[in-house]
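Each remark here refers to the structure printed beneath this line.
The values are calculated or read from the model by the stated rules, or taken from the named source; none is laboratory data. From a predicted model like this one, the values you see are computed outputs, not experimental measurements. Positions of Cβ are generated from backbone atoms using ideal geometry, with glycine treated the same way; all protein chains shown enter the neighbour counts. Accessible surface is based on the protein model in full, side chains and every heavy atom, while ligands, DNA and RNA are left aside. Shrake-Rupley method; radii C 1.70, N 1.55, O 1.52, S 1.80 Å.
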Amino acid sequence: MQNTYLDKQYHAFKQRYPNETEYLQAIHHVLTSIDAIMDDHPEYEAYNIIERLLEPERVIGFKVTWLDDNNQVHVNRGYRVQHSALIGPYKGGLRFHPSVTQSVLKFLALEQTFKNSLTTLPMGGGKGGSDFDPKGKSNREIMTFCQAFMRELFHHLGEDVDVPAGDIGVGQREVGYLYGYYKKLTNQVTSSMTGKDTAIGGSLVRQEATGYGLAYFVDTALRKMKNTSLKGKKVLISGSGNVAIYAAEKVIELGGNVIAMSDSSGYIHCEECVDLDAIKTIKEEKRERIKTYPDYDDKGKYHDDPAKLWEIDADIALPCATQNELDATAVKHLVDNSIMMVAEGANMPTTEDGIALLRQHEILFAPGKAANAGGVLVSGLEIAQQAQFSTWSFDTINQRLKEGMKGIFEAIHQTAKEFNKADDLQFGVNVYSFRKLANAMLQQGVV
Ligand code: NDP
Ligand code: 2IT
């Protein structure tokens, strides 16, 4: 970083949180991009915008005690990071995964704040979750845990305060249990959670929204920047959860061929295109491992080691599993296979040296903050419908999602162009969001 104020701030964050590597990584992304605009904005330093914007407003931590089916007592850690309410109530998902730490949630909450500012909807940013491992738990244990988690979290939620949704390990089933218990505790029916099934006040298209939005973003970027489209492209998708499945569905609808998908144990490779109905049956209905795929489609081959998915020759790579899954070694394989584009369905799935390598080889890179914003965008529409006491049609919402993703692409591409960095969407997204949030902060005084 050239700017001394930024440099000083980065080192102060590093000293304050030496072990929070994911959080520091997310901070570093922002600071390296906005370095280019600091000299034109002395007010950012004068009002100490960096420290105020990157530090979360509130970090809530609590103990979650619950009983398993054998009456064994377990304790997990629960958190909610309320990063910023500058432009609306805190908004962002809940993650249940053993790898959850305060650092992971602080990075996710920071990125959520930047992402939400792109949607044009009045939403701040937050993220929460627990180091609870849902794998191998019975339905009843999942419900028991969700209720124990909400028993603490409900104090901090509300449609005008903080509105969680799903993320890794938290899908419609978990949102249902969390929301049901929230209502029981508060005796209020409000849009205090999104990602609900339509049967209990959720929105059509929310389940599909992140994946569909990612495919819309990719198709738009290919058209505007590469004079091509998803049609006929070979696509690699990591993960086989909510984001991955609906990204695959829309990629296929738009004429692409999804040739590989994975979970944390391994991946499947199909020469032509995966059978998405089989993936849905395995993952959504049966909650099984992707290893069982060949039982449904003998054209698909299963291999251990999910990281090897990136060695397959393809045109487009969509990391849709988790943070830092796409490292420099994986990117090297993509580069060797002349990949055309990498777009992040997951949050921060590409490591910093992975991104550097992509840039070095001039490969189009779409950062998650923009490319996966479709989920939270439709969460915003879920809040709007519930507040309006009405429901909108699938087509209406899908159209708004499509237009929203195009709008996000235009906004960040335009910002990148403004600085003669037209091909750098990472720069575009960070500068666009930062300017919007800094402006919101300046207007609201020192609070
Ligand atoms: P799911 O829980 O539905 O699916 C997660 C998928 O990623 C599974 O296939 C899982 O495999 C794999 N995975 C998770 N953790 C790891 C890991 N440590 N190593 C390897 N594979 C892993 O989550 P989502 O699809 O909702 O979320 C995926 C990503 O997208 C996350 O980064 C999330 O933050 C991001 N995202 C989600 C949004 C949403 O609306 N849900 C919106 C925007 C971004 P396994 O089953 O073996 O664990
Ligand atoms: O990372 C994300 O954007 C999400 N997990 C969805 C957040 C939301 O509030 O819908």
TODO: Would you tally the residues in the range 166-210 being of a type in the set (Phe, Trp, Tyr), within 16 Å of ligand 1 (Cβ to nearest atom) and more than 26 Å from Asp263 (Cβ to Cβ)?
DONE: 1
TODO: Report yes if some residue within the range 223-242 is within 16 Å of ligand 1 (Cβ to nearest atom) and open to solvent by 20 Å² or more (accessible area, probe 1.4 Å); otherwise report no.
DONE: yes
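Quickly run through the range 347-356 and pick out the residues that are open to solvent by less than 10 Å² (accessible area, probe 1.4 Å) and more than 11 Å from ligand 1 (Cβ to nearest atom). Before the answer, list the steps.
Restricting attention to the range 347-356, the residues satisfying the condition of being open to solvent by less than 10 Å² (accessible area, probe 1.4 Å) are 348-350, 354.
Answer for the range 347-356, where residues must be open to solvent by less than 10 Å² (accessible area, probe 1.4 Å) and more than 11 Å from ligand 1 (Cβ to nearest atom): Thr350, Gly354.
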TODO: Could you tell me which numbered condition Val258 fails, if it satisfies all but one of (1) in contact (Cβ under 8 Å) with a residue 24 or more places away in the chain; (2) crowded, with 21+ Cβ neighbours inside 10 Å?
DONE: (1)
Task: Pairs with Cβ under 6 Å, 6+ apart, first in the range 96-112 and closer than 21 Å to Gly241 by Cα, second within 12 Å of ligand 2 (Cβ to nearest atom) and among the aliphatic types (A, V, I, L, M) - done: Phe96/Val170; His97/Ile168
Task: The one condition in (1) in contact (Cβ under 8 Å) with a residue 24 or more places away in the chain; (2) open to solvent by 10 Å² or more (accessible area, probe 1.4 Å); (3) out of contact with any strand residue (DSSP E or B) (no Cβ under 7 Å at 6 or more places or on another chain) that Ser338 fails to fulfil - done: (1)
TODO: Of all residues in the range 282-310, count the ones that are away from ligand 1 (no atom under 15 Å from the Cβ) and free of Cβ contacts under 8 Å to residues at least 24 places away in the same chain.
DONE: 3
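What about Gly180, is it at pLDDT 95 or above and in contact with an Asp or Glu (Cβ under 8 Å, 6 or more places away or on another chain)? I'd like the intermediate steps shown before the answer.
Details: at pLDDT 95 or above: yes; in contact with an Asp or Glu (Cβ under 8 Å, 6 or more places away or on another chain): no.
Spelling it out, it is not the case that Gly180 is at pLDDT 95 or above and in contact with an Asp or Glu (Cβ under 8 Å, 6 or more places away or on another chain).
Just the residues that are in contact with a Cys (Cβ under 7 Å, 6 or more places away or on another chain) and open to solvent by less than 60 Å² (accessible area, probe 1.4 Å), please, taken from the range 298-335. Can you show your working first?
Of all residues in the range 298-335, those in contact with a Cys (Cβ under 7 Å, 6 or more places away or on another chain) come to 299-300.
Hit for the range 298-335 is Gly300, nothing else.
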TODO: Could you please find all residues in the range 357-391 being open to solvent by 40 Å² or more (accessible area, probe 1.4 Å), in contact with a helix residue (DSSP H, G or I) (Cβ under 6 Å, 6 or more places away or on another chain) and either part of a helix (DSSP H, G or I) or farther than 26 Å from Ala416 by Cα (or both)?
DONE: Thr391
TODO: Report, by residue number, each residue of the range 361-401 that is basic (Lys, Arg) and more than 11 Å from ligand 1 (Cβ to nearest atom).
DONE: Arg400
TODO: Give the range 124-150 a look and list any residue that's open to solvent by 10 Å² or more (accessible area, probe 1.4 Å) and either within 14 Å of ligand 1 (Cβ to nearest atom) or of a type in the set (D, E, K, R) (or both), or say none.
DONE: Asp131, Asp133, Pro134, Lys135, Gly136, Lys137, Arg140, Glu141
